[in-house]
Amino acid sequence: MPLHLLSSPAAAAKLVTGLRAAPLRRCHSFALAPHHPDRVSLATSLSAAAAARSAGPAVAAAQTKQSVSGKKQVLISLSDKTDLTYLGNGLQGLGYSIVSTGGTASSLEAAGVNVTKVEEITHFPEMLDGRVKTLHPSIHGGILARRDQEHHLKALKDHGIGTFDVVVVNLYPFYDKVTSGTISFEDGIENIDIGGPTMIRAAAKNHKDVLIVVDHNDYPALLEYLKGNQEDEQFRRMLAWKAFQHVASYDAAVSEWLWKQSNKGEMFPPSFTVPLELKSTLRYGENPHQNAAFYADKSLSLVGAGGIATAIQHHGKEMSYNNYLDADAAWNCVSEFDSPTCVVVKHTNPCGIASRQDILEAYRLAVKGDPVSAFGGIVAFNTIIDEDLAKEIREFRSPTDGQTRMFYEIVVAPGYTEKGLEILQGKSKTLRILEAKRSGKGILSLRQVSGGWLAQESDDLTPEDITFTTESERAPHGNELADAKFAWLCAKHVKSNAIVIAKNNCMLGMGSGQPNRRESLRIAFRKAGEEAKGAALASDAFFPFAWNDAVEEACQNGIGIIAQPGGSRRDEDAIACCNKYGVSLVFTGVRHFRH
């Protein structure tokens, strides 16, 4: 449901009864986009104050403010004319005189609404191809004048300027224009609105006397407010907040676009704004005692970038905070592979990965990699889920006992056949079924730390982008190098310190998140068991020690090839150790820390 306002105390109280009221405890300095599809409206923010007020009749203070001339006046200038006729008729029915511009005025006239054109107020024609229409004292004086300041009112009277009680404005569709395809720099510049933001900011600043509306979803609340002759300061403030957010989001898009036009190749501007749009409030955060919400990033750079934020949910319970984190980890991992692949994730770590031409076999092998961890996890595929795969997901039994049907929180894939989706929906009422587009590359990655943010390029390197250099006397045999590349790609998505053991395009065991690399190695071997013999081992970073440490332990456990970045002062020890045990050692020259 679009973001909207409710001005009625009764309506607001009714709304808040149906929602879990959660106070906003932290304000980001990011610009939040003015619209969102979530069911939570701005009325949630108003409801506590609105419900607390008495519903008794309003007296003199509750009368709608009127202009200096004695008539109620509205200024309307819209690019998006959705519901304009409804608004115009409603305002006219309430006795408001409407002043409007260009195409907006023409649309109102066509709908039978009486309109005074802006040039009749300013006594100055629209000029410079429409760049100058409302930038005039007769307009901005009527918006900015404070009704409680006698000298303001005297100035208006002296110059024959009337006041505006309501301003309804939205902006040129700059965001849509610059993301719709190739657009010239000149066209981009011409789609930057000047007069609109100026009127919005002016009205929002003077919201005590002027109601500012920037969203057609708020027209019903506006008319209800005006019809009731209410005087609700909180309603005015929330409209003003929304107006400033509207302009802030707009300016963020213009700023991002201009930076990229002027600084091609430079990823880190001296300052920038991230426009966030509330997509949903969540039941809770990482833990039940934490309030949480999910925001979509509306940066221009992320248009069409895919990923979990834009995924379609076909079925199941609403997504939780941890669901988003796990689904993101699973989808980012499976999207790295070109061959048909299945990835199973638990607590953001892949516990099973397998690639096969037969996706059913890949699924079985991925679960087999760690069936205990896979239970209750997230399963992701980079292929469309058809009827056969859906049946396998629905009926597959845990390899631990051969009886327990596997349970998952989420299934995510690039698509589903009609029958495949129907079968999966029958597995569980709670199973979340997501359809996502492949995650984009070259995206700026942001991460919060106390008091600031870290920004970095996304880690997009794949085995095809680097050179695996043989450092040992024994060169890789047969499929060993292919196994090492597969293990290395898997390790990229495992939390540091990360060790992955793999063979035949299947992850056999992984060790993650341990403070020392040797413990991660032991965990990986324990999971891989006897299958580790002759397999490949990949490490996300170099081994600081070799003898009587991780490298020698790996060799003693029968590993056939080790892939690591190299770069340690003791690399020669690792090489000598592998030579002693006849193990191939390859350096990648690339580290893959993941914290």
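The values are calculated or read from the model by the stated rules, or taken from the named source; none is laboratory data. Worth saying up front: this structure is predicted, and the values here are computed from it rather than measured. Quick reminder, even Gly has a Cβ in these numbers, built from the backbone with ideal geometry, and neighbours come from all protein chains shown. Quick note on the areas: whole protein, heavy atoms, side chains included, nothing else; ligands and nucleic acids left out. Shrake-Rupley method; radii C 1.70, N 1.55, O 1.52, S 1.80 Å.
Give the number of residues within segment 178-199 that are assigned to a helix (DSSP H, G or I) and either small (Gly, Ala, Ser) or modelled with pLDDT of 95 or more (or both).
Of the residues in segment 178-199, the ones assigned to a helix (DSSP H, G or I) are 178-179, 185-190, 195-199.
Cutting the leftovers down to either small (Gly, Ala, Ser) or modelled with pLDDT of 95 or more (or both) gives us 188, 195-196.
Residues that pass the stated criteria total 3.
If a residue has to be touching a residue at least 60 places away in the same chain (Cβ under 8 Å) and within 17 Å of the chain's Cα centre (by Cα) to count, how many in segment 319-358 make the cut?
Residues flagged as touching a residue at least 60 places away in the same chain (Cβ under 8 Å) and within 17 Å of the chain's Cα centre (by Cα) within segment 319-358 amount to 8.
Looking only at segment 575-590, decide whether some residue is within 28 Å of Asp358 (Cα to Cα), in a helix (DSSP H, G or I), among the small types (Gly, Ala, Ser) and out of contact with any helix residue (DSSP H, G or I) (no Cβ under 6 Å at 6 or more places or on another chain). Please lay out each step first, then the result.
Looking only at segment 575-590, we keep the residues that are within 28 Å of Asp358 (Cα to Cα), and these are none.
No, there is no match, as no residue in segment 575-590 is within 28 Å of Asp358 (Cα to Cα), in a helix (DSSP H, G or I), among the small types (Gly, Ala, Ser) and out of contact with any helix residue (DSSP H, G or I) (no Cβ under 6 Å at 6 or more places or on another chain).
Here is a check on your reading of the model: is Thr101 open to solvent by less than 70 Å² (accessible area, probe 1.4 Å), at pLDDT 75 or above and touching a strand residue (DSSP E or B) at 6+ places or on another chain (Cβ under 6 Å)?
Numbers: open to solvent by less than 70 Å² (accessible area, probe 1.4 Å): yes; at pLDDT 75 or above: yes; touching a strand residue (DSSP E or B) at 6+ places or on another chain (Cβ under 6 Å): yes.
The answer is yes for Thr101.
Name the single residue that is farthest from the chain's Cα centre (by Cα) among those in segment 407-426 being free of Cβ contacts under 8 Å to residues at least 40 places away in the same chain and assigned to a strand (DSSP E or B). Steps first, please.
Of segment 407-426, the ones free of Cβ contacts under 8 Å to residues at least 40 places away in the same chain are 407-408, 411, 413-415, 417-420, 422-423, 426.
Still in the running and assigned to a strand (DSSP E or B): 408, 411, 413.
Details: Tyr408: 24, Val411: 19, Ala413: 18 Å.
Going through the qualifying residues, I end up with Tyr408.
Among the residues of segment 284-317, write down those that are open to solvent by 30 Å² or more (accessible area, probe 1.4 Å), without any contact (Cβ under 8 Å) to a residue 60 or more places away in the chain and not hydroxyl-bearing (Ser, Thr, Tyr).
Glu286, Asn287, Pro288, His289, Gln290, Ala293, Phe294, Asp297, Ala309
Does Ile183 satisfy the criteria of being of a type in the set (Val, Ile, Thr) and open to solvent by 50 Å² or more (accessible area, probe 1.4 Å)?
Numbers: of a type in the set (Val, Ile, Thr): yes; open to solvent by 50 Å² or more (accessible area, probe 1.4 Å): no.
Spelling it out, it is not the case that Ile183 is of a type in the set (Val, Ile, Thr) and open to solvent by 50 Å² or more (accessible area, probe 1.4 Å).
Among the residues of segment 427-445, how many are open to solvent by 60 Å² or more (accessible area, probe 1.4 Å) and either more than 14 Å from Asn332 (Cα to Cα) or over 21 Å from the mean Cα position of the chain (by Cα) (or both)? Give the derivation first.
Residues of segment 427-445 that are open to solvent by 60 Å² or more (accessible area, probe 1.4 Å), as a first pass: 429, 437-438, 441.
Those left that are additionally either more than 14 Å from Asn332 (Cα to Cα) or over 21 Å from the mean Cα position of the chain (by Cα) (or both): 429.
Adding up the residues that qualify gives 1.
For segment 253-282, what are the residues that are surrounded by 14 or more Cβ atoms within 10 Å (Cβ to Cβ), of a type outside the set (A, V, I, L, M) and either in contact (Cβ under 8 Å) with a residue 60 or more places away in the chain or touching a His at 6+ places or on another chain (Cβ under 8 Å) (or both)?
Correct list: Trp257, Thr273, Pro275, Glu277, Lys279, Ser280, Thr281.
Here's the yes/no breakdown for (1) at negative phi; (2) in a helix (DSSP H, G or I):
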position	(1), (2)
Gln448	yes, no
Ala475	yes, no
Gly478	no, no
Lys485	yes, yes
Ala502	yes, no
